[in-house]
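The values are calculated or read from the model by the stated rules, or taken from the named source; none is laboratory data. Here the structure is a predicted model, which means the values were calculated and not measured. Here the Cβ positions follow ideal geometry from the backbone for every residue, glycine too, while neighbour counts run over all protein chains shown. These area figures cover heavy atoms from the full protein model, side chains too; ligands, DNA and RNA do not enter into them. Shrake-Rupley method; radii C 1.70, N 1.55, O 1.52, S 1.80 Å.
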Amino acid sequence: MTRRQAPYDGVVVCAPVTVPYRRFSAEPAHWWAGRALRQLRDEAGLTPADIDGFCFASFSSGPDTAVGLTQHLGLCPRWLDHIPTGGASGVMALRRAARAVQCGDAELVVCLAADTNQIDSFRHSLSGFSRFSQDAVYPYGFGGPNATFALITDAYMREYGVTRAEFGKLCVAQRANAGSNPVALQRKPLSMEAYMAARPIADPVHLFDCVMPCAGAEAFIVTTPERAEQLKLPMAQVLATIERHNAFAEDPVQLRGGWVLDIDQLWEAARITPTDVDTLQVYDDYPVIVAMQIEDLGFCPKGEVARFIRETDFTIEGNLPLNTNGGQLSAGQAGAAGGFQNMTEGLRQILHRPLGAQVPQAKIAAVSGFGLVNFDRGVCTGAALLEALP
Amino acid sequence: MSGAREKRDPLARKRLRHVPPGARSRAMHALSARAAQGRLVMQACSDCDKVTYPPRDACPACWGELGWREQPAGAQVLCETTVRVSTDPYFRDHMPWRMGKVQMDAGPVALVHLHAALHPGDRAHVRAMVDRGGNAALFAIPEGAIDLMSDPQWREFVVPVAGRIALVSDARNAIGRAVVRELQTAGAELVVAGLPGPALASDAYDAVYALDRVQTIALDVTDPVSVAEAASRIGGPLDIVVNTARHVRTGGMSAGNALVEQRRALEVSAMGLSRLAATFAPILAGRPNGAFVDVLSSAALAGDAGNAGFAAAEAARLSLLQAFRHEMRGTGVRVLSVFTGPVDDSDHQHAPPPKVPPVRIAGAIAEALANGREETCVGDVAADAMMRWLADPSLYVREKNL
């Protein structure tokens with residue numbers, strides 16, 4: 001019953017912007033959204049009248065949604081979307097905006113994620129996160145996502161024989177990548193010894209397995225090649241995308257994600273294979289989820305990720321440059337913007353406008369999102385393959 | 001009460017007691033209401049029979065209607081963690097905290113508080129407990145006999161008696177005497193036995209009052225001065241109050257001196273509870289495992305033509321107790337109700353069997369404390385009354401008065 005996905009003809013993605021993160025910010029999400037638009041103004045010469053589509057993601061803009069943001073920021077779009085899927089929101093924003101542009105519902109869509117992080121706002125946003133969390137997760141020690149992913153990590157390590165050393169290699173490589181990114185919050189080199197010696201947070205999750213919540217904003221533009229040309233913006237095309245929610249609900253523990261259901265279609269539609277990918281940008285709230293995506297996206301067979309990690313160099317100069325801005329683990333997790341930075345970083349690398357070091361000859365980026373723990377697992381997954389246009 | 005007890009420094013900084021996060025969905029409150037009765041329930045679909053958890057408002061397999069059903073307690077531990085960092089004030093006070101995930105024999109998976117002896121792969125027994133905020137919480141314990149009280153996490157869900165100080169409000173009636181003996185046997189550091197006047201010469205030779213670690217005190221719950229004086233004489237810490245005071249009399253609305261008896265019953269059952277609660281609540285709130293246990297009659301559930309005043313007084317008592325429980329949620333003090341039918345004592349000489357021996361009520365109180373259970377029915381009459389009342393309150397009122 002599955003219909004083939006139509007190709008994304010006549011659609012390009014361009015102008016990735018990152019508003020430098022801050023550990024804490026007294027400014028609301030609206031301010032961060034405004035900064036992202038101002039950066040688009042400065043880098044792409046955009047004015048409010050140019051934007052006829054707006055897609056927004058945020059956890060901290062309450063009580064406002066994308067609706068409030070239009071009036072707040074002076075937008076008059078003919079197409080509007082608000083995406084609540086956190087770590088999967090970047091890929092999902094791209095998918096929705098791309099079809100809107102392709103079908104003519106909009107010509108230029110700004111996809112934007114912005115979140116603030118005030119002192120103590122993490123605790124508050126945690127306690128109201130989801131009904132299942134409130135009923136059946138937080139009463140059990142209130143460890144937040146650390147505890148939820150500790151359980152997944154524990155089961156994953158037992159099932160597939162992955163050890164802390166493999167997770168450590170991922171974290172150490174991402175920190176090395178963050179070294180050249182001037183806006184990463186954590187750039188101090190991380191040694192394997194320091195990783196292994198870190199204090200436990202929720203066993204087996206230790207300090208350097210956890211992201212640092214922060215404030216920030218990310219944005220990119222989805223438009224037609226003609227419009228991008230007018231604006232003199234380097235652009236990339238969308239080779240293929242997938243999205244899935246609440247997959248494998250009967251798995252007792254989340255050892256695989258929704259990508260597995262659709263991954264063959266993704267590579268088939270894009271007419272490439274994982275070996276063609278120049279840089280991999282995956283959602284990295286915890287290294288176990290990075291490992292899971294490496295498998296589920298097809299970069300190695302299920303159950304063999306430990307060996308694959310040992311044999312692969314994930315640094316910018318390596319054979320599979322991973323989360324080249326440092327990922328959320330080193331750059332920081334700016335709420336829903338954390339689900340956009342894989343998109344913006346992947347784009348920047350293939351458009352050769354990096355924040356830090358450039359992946360040599362990068363042309364194709366694989367971007368993967370994972371979002372929203374509702375009860376015991378992340379519910380939303382998505383992936384996109386992007387290729388730079390000459 | 002004799003002998004000087006050590007007094008605490010009244011100016012010392014008091015430890016603030018937090019409770020676990022309390023927000024829940026309506027469906028989860030329904031699960032909590034059943035956990036308060038010691039029942040392990042989950043929702044099952046009336047159309048396809050699938051058991052679901054966490055509580056939902058529609059079956060995720062077929063969107064059918066969900067109903068509550070008792071579930072088997074067996075489970076297998078899937079994975080574990082020890083939470084060492086939390087942003088919640090209550091759990092921060094209790095770090096590290098062990099939790100895990102289990103595969104319930106009932107079907108669903110669930111996150112649970114994990115007993116220290118359990119690890120992935122182990123078989124476990126899941127109990128529906130009530131946490132200190134008053135909400136249901138699943139606790140996985142090892143199968144078979146095990147010393148649960150040695151697990152500090154378990155102690156957060158129950159009321160330990162050993163080493164604690166307890167007050168029994170009326171230790172002169174048969175129930176109160178049995179409770180004093182029970183708590184003393186369970187290892188309470190001190191049981192204060194309240195004796196309503198008039199004092200009897202035989203009190204000095206009474207076998208129960210003479211027990212080691214038992215002290216008597218004059219206490220009449222109908223007299224505010226007496227309650228205040230008792231509190232000041234106890235002076236120091238008090239962990240558990242067991243309210244055994246009651247005034248049992250038969251008679252309907254139109255019988256001779258009904259009003260005098262009705263007023264007395266209300267003074268003891270309802271106002272007596274209020275006086276104890278007002279006086280002792282702040283003291284209990286300062287303790288790590290404070291609890292207030294109230295023994296009340298299942299007559300509280302519906303009006304009773306044969307015992308009109310008594311049933312009305314016990315109904316008022318039940319209502320006040322429910323309010324008091326809710327008030328104490330924020331302090332972590334547990335308010336436990338123990339329902340009984342006719343008791344095998346001098347108050348029920350007229351009543352036919354079955355009657356509940358006082359010692360059984362005392363045992364049920366100890367058991368309610370040991371399990372932190374909010375609602376307990378002791379004996380067949382109370383259990384039957386509760387079951388019928390829960391099933392159909394209006395039918396129960398008619399049947400009770402046939």
Original post:
Using a 1.4 angstrom probe and counting only protein chains, how large is the accessible area of A:GLU317 in Å², to 10?
Top reply: 140
Subject >> Gyration tensor verdict on the range B:271-402 (Cα atoms; rounded if a/c is under 1.5, prolate if a/b is larger than b/c, oblate otherwise) >> reply: prolate
Subject >> the range B:137-260 pair-distance distribution - Cα-Cα, 5 Å bins, rounded % >> reply: 2, 9, 17, 17, 15, 12, 10, 8, 6, 3, 1, 0
**OP:** Could you check what % of the DSSP bridge pairs in the protein assembly as shown are antiparallel, to the nearest 5?
**Re:** 60
Subject >> Distribution of pairwise C-alpha distances over the range B:165-400, 10 Å bins, in % >> reply: 8, 34, 39, 17, 3
Original post:
For chain B, what is the mean residue ellipticity at 222 nm derived from helices alone (per DSSP H run of n ≥ 4: -39500 (n - 2.57); sum divided by total residues; nearest 500 deg cm²/dmol)?
Top reply: -9000 deg cm²/dmol
**OP:** Would you list, by chain and number, the aspartates and glutamates whose Cα falls below 14 Å from the Cα of A:LYS169, excluding same-chain residues fewer than 8 positions away?
**Re:** A:GLU193, A:ASP209, A:ASP284, A:GLU311, A:ASP313
Subject >> Computed log₁₀ I(q)/I(0) - Debye formula, equal Cα scatterers, no solvent, the range A:319-381, q 0.19, 0.20, 0.21 Å⁻¹ >> reply: -0.73, -0.79, -0.85
Subject >> Within a Gaussian network of chain A (alpha carbon springs, distance under 10 Å), most fluctuating of A:PRO200, A:PRO234, A:PRO287 >> reply: A:PRO200
**OP:** Straight distance only, please: which aspartates and glutamates reach the Cα of B:LYS400 with their own Cα at less than 17 Å, same-chain residues fewer than 8 apart left out?
**Re:** B:ASP304, B:GLU314, B:ASP380, B:ASP384, B:ASP392
Original post:
Where in the range A:326-345 does the label zone of A:TRP31 land, with the point 7 angstrom along Cα→C-beta and an amide N cut-off under 17 Å?
Top reply: A:334-335
Subject >> Within chain A, helix-based [θ] at 222 nm, where runs of 4 or more DSSP H residues each add -39,500 (n - 2.57), nearest 500 >> reply: -10500 deg cm²/dmol
Subject >> Sorted peptide list for A:253-259, B:56-62, criterion being average Cβ within 10 angstrom, highest first >> reply: A:253-259, B:56-62
Original post:
Of A:ASN319, A:ASN181, A:ASN117, which has the largest mean-square fluctuation in a 10 Å C-alpha GNM of chain A?
Top reply: A:ASN319
**OP:** Taking a cut-off of 17 Å between Cα atoms, list the lysines near B:LYS14, but don't count ones fewer than 8 places away on the same chain.
**Re:** none
Original post:
Given labels modelled 7 Å from the Cα in the Cβ direction, how far is it in nm from B:ASP93 to A:GLN71?
Top reply: 4.4
**OP:** Any chance you could run the full-extension gain for A:ALA49 through A:GLU193? It's 0.36 nm times the residue separation minus the Cα-Cα distance, nm to one decimal.
**Re:** 46.5 nm
Original post:
Given the Cα atoms of chain B, and with Rh set as the inverse mean 1/r over their pairs in the Kirkwood sense, what is Rg to Rh to two decimals?
Top reply: 0.99
**OP:** Compute the signed sum of charges (Lys and Arg +1, Asp and Glu -1) over the other residues within less than 13 Å, Cβ to Cβ, of B:ASP151.
**Re:** +1
Original post:
Kirkwood Rh, the range B:26-155, all Cα pairs: how many Å?
Top reply: 15.4
Original post:
Which percent, to the nearest 5, of DSSP beta bridges fully inside chain B are antiparallel?
Top reply: 50
Original post:
How much of B:MET386 can a 1.4 Å solvent probe reach, expressed as accessible area in Å² and rounded to 10?
Top reply: 20
Subject >> Ellipsoid semi-axes in whole angstrom, largest first, where each is sqrt(5λ) of the Cα gyration tensor of chain A >> reply: 30, 24, 20
Original post:
Within the range B:26-155, what percent of beta bridges assigned by DSSP are antiparallel, to the nearest 5?
Top reply: 95
Original post:
What Kirkwood hydrodynamic radius, in Å, does the protein assembly as shown give when the mean of 1/r is taken over all pairs of distinct Cα atoms and then inverted?
Top reply: 29.7
Subject >> Three-way shape label, the range A:173-268, alpha-carbon gyration tensor, a/c 1.5 >> reply: oblate
Original post:
To the nearest 10 square angstrom, how much accessible area does B:ASP147 have with a 1.4 angstrom probe?
Top reply: 100
Subject >> Choice from B:LYS14, B:LYS355, B:LYS50 showing the highest fluctuation, given a GNM over chain B with Cα pairs closer than 10 Å >> reply: B:LYS14
**OP:** Report the percentage of all Cα-Cα pairs in the range A:1-102 whose separation exceeds 23 Å, rounded to a whole percent.
**Re:** 29
Original post:
Helix B:174-185 sits at what angle to the longest principal axis of chain B, using alpha carbons and giving 0 to 90 degrees rounded to 10?
Top reply: 60
Subject >> Between the range A:238-315 and the range A:370-390, the Cα center-to-center distance that results, in Å >> reply: 10
Original post:
What number comes out for the charge environment of B:ASN401, summing +1 per Lys or Arg and -1 per Asp or Glu over other residues with Cβ under 15 Å away?
Top reply: 0
Subject >> chain A, relative contact order in percent, only Cα pairs under 8 angstrom and at least six apart counted >> reply: 27
Subject >> Around A:GLY303: net Lys/Arg minus Asp/Glu count, Cβ-Cβ under 9 Å >> reply: -2
Original post:
Say each of A:THR275 and B:ARG398 gets a label point 7 Å from the Cα, pointing the same way as Cα to Cβ; how far apart are those two points in nm?
Top reply: 8.1
**OP:** Note the angle between two axes, namely the Cα long axis of helix A:287-296 and the longest principal axis of the Cα atoms of chain A, as a number of degrees from 0 to 90, rounded to the nearest 10.
**Re:** 70
Original post:
If R0 is 25 Å, what FRET efficiency do you get for B:LEU200 and B:ARG263 from their C-beta distance, rounded to 0.05?
Top reply: 0.50
**OP:** Give me the angle, in degrees from 0 to 90, between the Cα long axis of helix B:380-391 and the longest principal axis of the Cα atoms of chain B, rounded to the nearest 10.
**Re:** 60
